[in-house]
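A short reminder: the numbers here are calculations on the coordinates, not readings from a lab. Please read all numbers here as calculations on a predicted model, not as lab measurements. No Cβ is skipped: glycine too gets one built from the backbone with ideal geometry, and neighbour counts run over all protein chains shown.
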Amino acid sequence: MIEFQDASVVAPGTTVRILEPTTLTLAERRVAIIGANGSGKSTLARLINGLVLPSTGSVTVDGRDTRRDAAAVRRSVGFLFTDPSAQLIMPTAAEDVALSLRRTVKGKGERASAALAALESIGLGDKGSVSVHALSGGQRQLLALAGVLAVGPSIIVADEPTTLLDLRWRAHVDALLAGLDQQVIEVTHDLDAASRADRVIVMESGSVAFDGKPRAAVAAYRRLMAGT
Amino acid sequence: MGLFGLYRERHTPLHRAPAWAKMLGLVLAAAWLAWCTVPAWSVASALVAIALLASTLPPLGPTLRGVVPVLVIAAATGAYQLWQGDARLAVDLAADFVSLICLSLAVTTSTPLDESMGLVSAAARPLRRWIPPEALALVFSLTIRALPELTRILAESRDAARSRGLDRSPRAMLIPAGVRTVGYALAVGDAITARGLADEAVSVSRRGPVRR
Ligand SMILES: Nc1ncnc2c1ncn2[C@@H]1O[C@H](COP(=O)(O)OP(=O)(O)O)[C@@H](O)[C@H]1O
Ligand SMILES: [Mg+2]
């Protein structure tokens with residue numbers, strides 16, 4: 001369970017408020033965040049795992065404060081970025097997943113087989129020794145997801161994970177995210193994906209403009225976009 | 001792509017050898033090459049180095065891409081010394097270049113980066129009062145990972161400058177490349193934090209310093 005208590009964010013080094021004080025409780029299994037470019041979606045998403053800390057108020061995940069307990073929060077919150085290239089650190093797919101496992105699985109052999117299992121579970125079983133550069137954009141996003149899932153998080157936050165992908169890979173990644181046991185918070189411009197969520201939050205100018213069921217949320221978003 | 005992308009899972013004697021032994025061997029070989037100035041010995045060392053590299057069954061294309069620039073440098077250095085009238089030094093230097101690149105490649109094709117990282121962090125352990133070893137190992141692998149990314153950013157910036165007709169302006173290429181490099185560095189920093197790797201490096205270092 002994710003709780004925002006009057007959390008606001010001021011851009012670092014400035015007095016510009018990029019998120020107005022926001023109070024939210026996210027308990028639904030599938031939450032989508034939509035809104036215009038620059039409306040504060042990424043800021044909201046990054047607050048959840050402590051990549052951004054609130055300037056006022058607080059954010060807690062399962063009762064743990066992102067400011068005081070950052071390491072524990074990040075262990076239970078996996079984060080998926082738009083461009084997986086920056087997220088992948090090691091030269092080959094298997095080594096990259098193994099890197100995620102350094103903390104939890106001791107022993108090289110165990111780590112290697114756990115990494116391979118993680119790759120298999122996501123359909124990249126034959127790509128273990130392939131260079132990260134040789135993977136397609138879609139495969140890289142899957143690999144990033146495998147690295148995130150390998151540590152067993154209970155929540156996945158994804159910031160526009162399909163924006164750079166073609167339609168086929170988008171459908172594939174969407175299906176994978178939909179099938180996860182974890183709670184998934186997804187920032188997206190894909191209104192079809194948002195429509196499948198249990199709850200949709202519409203951001204506008206750093207505040208929540210609408211919060212509710214998908215159909216009403218998408219309608220509210222369209223009205224907002226038509227108005228400007 | 002970086003030399004470290006060359007690792008392949010194979011079953012060769014060098015793959016089975018422990019990483020520390022290979023690294024130590026590399027350091028000793030470099031010392032030997034610097035010390036030995038007898039051309040015949042240098043050439044013999046180069047042949048051994050080539051044989052060792054071949055024994056790791058390296059992937060052909062990527063290995064050649066790694067070797068060719070060094071061969072060009074070796075040939076140029078040799079040619080320069082030859083022109084200076086020192087044939088012995090020409091052979092010696094060219095052979096040393098070839099030996100070193102082949103030996104480093106033999107280590108990288110037979111050692112997973114994970115092991116090299118472990119070694120780097122072990123080697124850095126005596127410094128742990130000042131630098132967290134895990135952090136150093138992470139920086140090591142990030143540097144290797146960043147090289148191809150920076151090459152790509154430079155190439156794309158050059159193409160973008162060209163397509164605007166700004167071929168001759170270094171600024172048109174370097175400013176976007178610089179901005180993107182900073183952007184890439186920030187994104188990698190975020191990703192490392194998000195994956196909990198930064199927390200791990202710091203917590204290891206916090207445990208590290210022993211109070212006496
Ligand atoms: N570090 C920062 N410094 C200054 N402004 C920022 C910073 N990060 C984000 N912003 C600004 O805050 C606003 C919201 O950003 P963001 O949450 O990334 O929006 P979105 O993800 O919806 O596009 C944008 O106007 C952006 O320019
Ligand atoms: Mg964003």
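Helical runs assigned H by DSSP (4 residues or longer) give chain A a calculated mean residue ellipticity at 222 nm of -11000 deg cm²/dmol, each run adding -39500 (n - 2.57) before division by the residue total.
Rounded to the nearest 5, the antiparallel percentage of DSSP beta bridges internal to the protein assembly as shown is 50%. Ranked by the mean number of other Cβ atoms within 10 Å of their residues, highest first, the peptides A:159-171, A:79-91, B:185-197 come out as A:79-91, B:185-197, A:159-171.
So, in nm, how far is label A:S154 from label B:I175 when the simple model puts each one 7 Å beyond its Cα toward the Cβ? Each label point lies 7 Å from its Cα, and together they span 5.0 nm. Peptide B:185-192 has a mean shielding of 5, counted as Cβ atoms of other protein chains within 10 Å of each residue's Cβ. Under 23 Å of direct C-alpha separation, and excluding same-chain neighbours fewer than eight residues apart, A:K213 reaches these lysines: A:K41. Distance between the pseudo-spin-label points of A:S195 and B:L26 (7 Å out from Cα toward the beta carbon): 5.5 nm. Size descriptors for the protein assembly as shown, from the alpha-carbon set: Rg then Dmax equal 25.6, 84 Å. Going by alpha carbons, how many degrees (0 to 90, nearest 10) lie between the helix axis of A:214-227 and the longest principal axis of chain A? Approximately 60 degrees, to the nearest ten.
Comparing Cα centroids, the stretch A:120-192 and the stretch B:91-126 end up 34 angstrom apart.
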